[in-house]
Amino acid sequence: MESTEIHKLDCSNLNCPMPIVRIAKKFRDINIGEQVEIVATDPAFKADVEAWVRKTSQKLISFTEEGKSKIAVLEKIK
């Protein structure tokens, strides 16, 4: 079985809309089937990333919170 490439994107200490801007830029540079793990500290990050996933028809694999850090894993599906 082929392993999925997971890119890391640190958006800690960036406020809205910068984490979403960085995610959008990263998604332009990766291939379908690849994933991006994003770490952010923006309190609104969960709502923002969920809205971005709906708008762009990408896939939210997971979302977790560890202290002030919010960690999302997204997959490019189109």
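For segment 14-62, a residue qualifies if it is closer than 18 Å to Thr4 by Cα, outside any helix (DSSP H, G or I) and of a type in the set (A, V, I, L, M, F, W, C), and the qualifying residues are Ile30, Ile32, Val36, Ile38, Leu60, Ile61. Scanning segment 16-41 for residues that are under 12 Å from Gln58 (Cα atoms) and surrounded by 16 or more Cβ atoms within 10 Å (Cβ to Cβ) yields a total of 5. Of the residues Lys78, Lys70, the single one that is in a strand (DSSP E or B), over 12 Å from Lys8 (Cα atoms) and charged (D, E, K, R) is Lys70. The residues of segment 57-72 that are surrounded by fewer than 16 Cβ atoms within 10 Å (Cβ to Cβ) and in contact (Cβ under 8 Å) with a residue 24 or more places away in the chain, listed by number, are Ile61, Lys68, Ser69, Ile71.
Determine, yes or no, whether Lys59 is farther than 17 Å from Asp10 by Cβ and either touching a strand residue (DSSP E or B) at 6+ places or on another chain (Cβ under 6 Å) or modelled with pLDDT under 95 (or both). Show your work before the answer.
On the way: farther than 17 Å from Asp10 by Cβ: yes; either touching a strand residue (DSSP E or B) at 6+ places or on another chain (Cβ under 6 Å) or modelled with pLDDT under 95 (or both): yes.
For Lys59, the condition - farther than 17 Å from Asp10 by Cβ and either touching a strand residue (DSSP E or B) at 6+ places or on another chain (Cβ under 6 Å) or modelled with pLDDT under 95 (or both) - is met.
The values are calculated or read from the model by the stated rules, or taken from the named source; none is laboratory data. Since the model is a prediction, treat every value here as computed from it, not as a measurement. Here Cβ is always computed from backbone atoms with ideal geometry, including for glycine, and neighbour counts include all displayed protein chains.
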